[in-house]
Each structure stands twice: as structure tokens, then as C-alpha cells.
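Structure record follows, encoded as C-alpha cells.
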């Protein structure tokens, strides 16, 4: 059975003291609560080891927001998948639209990152999604299919089964716009069908697919009620315990 997951992506926010306070606050808020989803927080690299040591990692998973496409060596400023894993983090966010747009990450680069993440024992949260022009041109199915096939469909069924997919309508990130619950369900169901066509129904049915476009406490319940929406990848609302917890409780 696939898992329900609410994952926070802090992006380039919080100093180390601020991030520790946020993580500890969330840890405290979850104490004694029986949640119906797993909770993950994606912190900056600088926070990973400190956050992993400061919280109950049985209750909150820790994710990096990226890793290098090289195993090790003379790549100044890069952080390898093995380095991420050594901090106590168990997950890594890969293929986020901001990485694709601002840092020109190609399907081939992302394929390498996924491979190295898996080899280091990390679970990738792999992002796919279309920009507004692609949505308006009716190309959203085509775009997400190409992103899945270009980076993931060389994986063995066993390795693909370790992934979490996050669908992010790029036009709904940080804009206040949100796909309707029906729009989200339509494309999540399409992604699951594309996976089934490649890997079979069992792997597709077991794959967690998160919605990543301005989910908040007001719309989370409607979104996660849809059969193919298994949770959310949360940006801005993950920077506040008071805003994040209602999303966790939407299940």
C-alpha cells in the first residue's frame, strides 16, 4: 500500500538557529498526535545533520533539497548523495522546477542524481510539472510523461518502487494559484497510468504521488480526498508550524 506523505520544502530559507527552532517546534507539535500521513522536512544542506540529531526521525523524515550528479571529486561547492546520507537524512528532493529553470538541470543530469541517490540509500522525491504556457497549450500530460521517461524509466522496477513522485504545476508555485482538486486528480491519475504502462499496475498503485502547487490549510482537505493525490510537497506554508500542521491534519 502506498503511503500518504506531507513533505515541507524550506527552499533557501532559515538560518541554522531558525531552522532548528522550526524543526523542534514541529517535532513538539507532532508529539502524542496520531497522524494519518508521514511527515518529511526538506532543509538547506547546512541544517541537515543538526536537524536530524534534534528531532525524532521516526516521526519526521529529513530531506535534502538537492544533491550532485557526481559521486565525489573536484567539484567545488557540490554536495554528494553520500554526503547527504551521512547526515542522517533519508530523502532528497530532485528535479524541482526551480532547479530545472534556474540551474538548467536536464533529464540526463537528473537521471544521474537519481541513480546516485538510490545508491546511497536515499529515497528521491522526484518532481515533474508544466509551466503555464504548456498547461494552456494542453501539453501538460506530454510534459510530465517526458520528464518521467527522460530521467526515471531506465530504472529497474525495484528501484522505481523506492521513488516518491511530486507533481508541481509550475504556474501554481508561489503565485497563490492552485490547481482545482479535479485538475490535480486528473493529472495524478494520468501519471499513475503512465507508470503502470511502464512498470505494471502493482508498482503504479504503490507509488506515492504528491501535489506540489500552493497547498495550504484551506485547500489541503479537498486535494488529499482525491484517490490519486497522496499528500503534498509544501513550500511557504512549511516555514510555519501553525500553517504546516493543518495540512498534516488534512488526512
Could you check, for the range 158-166, whether at least one of its residues is surrounded by fewer than 21 Cβ atoms within 10 Å (Cβ to Cβ) and more than 22 Å from residue 5 (Cβ to Cβ)?
no
Is it fair to say residue 53 is closer than 22 Å to residue 6 by Cα and loosely packed, with under 15 Cβ neighbours inside 10 Å?
yes
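Looking only at the range 139-180, which residues are on the phi > 0 side of the Ramachandran plot and either at pLDDT 95 or above or within 17 Å of the chain's Cα centre (by Cα) (or both)?
Filtering the range 139-180 for residues on the phi > 0 side of the Ramachandran plot gives 174, 176.
The one that is on the phi > 0 side of the Ramachandran plot and either at pLDDT 95 or above or within 17 Å of the chain's Cα centre (by Cα) (or both): 174.
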Quick count over the range 1-27, residues being over 12 Å from the mean Cα position of the chain (by Cα), within 16 Å of residue 239 (Cβ to Cβ) and in contact (Cβ under 8 Å) with a residue 40 or more places away in the chain, is 5
Sole residue being at pLDDT below 95 and loosely packed, with under 15 Cβ neighbours inside 10 Å, chosen from 24, 33
33
Within the range 169-211, the residues that are in contact with a helix residue (DSSP H, G or I) (Cβ under 8 Å, 6 or more places away or on another chain), under 18 Å from residue 222 (Cβ atoms) and surrounded by 19 or more Cβ atoms within 10 Å (Cβ to Cβ) are 169, 178, 179, 184, 187, 209, 211
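Condition check ((1) assigned to a helix (DSSP H, G or I); (2) over 25 Å from residue 77 (Cβ atoms)) across all residues:
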{"site": "6", "(1), (2)": "no, yes"}
{"site": "11", "(1), (2)": "no, no"}
{"site": "14", "(1), (2)": "no, no"}
{"site": "18", "(1), (2)": "yes, no"}
{"site": "23", "(1), (2)": "yes, no"}
{"site": "26", "(1), (2)": "yes, yes"}
{"site": "29", "(1), (2)": "yes, yes"}
{"site": "34", "(1), (2)": "no, yes"}
{"site": "41", "(1), (2)": "no, no"}
Can you find a residue in the range 72-87 that is surrounded by fewer than 14 Cβ atoms within 10 Å (Cβ to Cβ) and not in a loop (DSSP other than H, G, I, E, B)?
yes
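Name the residue, out of 220, 237, 225, that is under 23 Å from residue 35 (Cβ atoms), touching a residue at least 12 places away in the same chain (Cβ under 8 Å) and surrounded by fewer than 16 Cβ atoms within 10 Å (Cβ to Cβ).
Among 220, 237, 225, only 225 is under 23 Å from residue 35 (Cβ atoms), touching a residue at least 12 places away in the same chain (Cβ under 8 Å) and surrounded by fewer than 16 Cβ atoms within 10 Å (Cβ to Cβ).
The values are calculated or read from the model by the stated rules, or taken from the named source; none is laboratory data. These numbers come from a predicted model, not from an experiment. Counting neighbours? That spans all protein chains shown, and the Cβs are built from the backbone with ideal geometry, glycine included.
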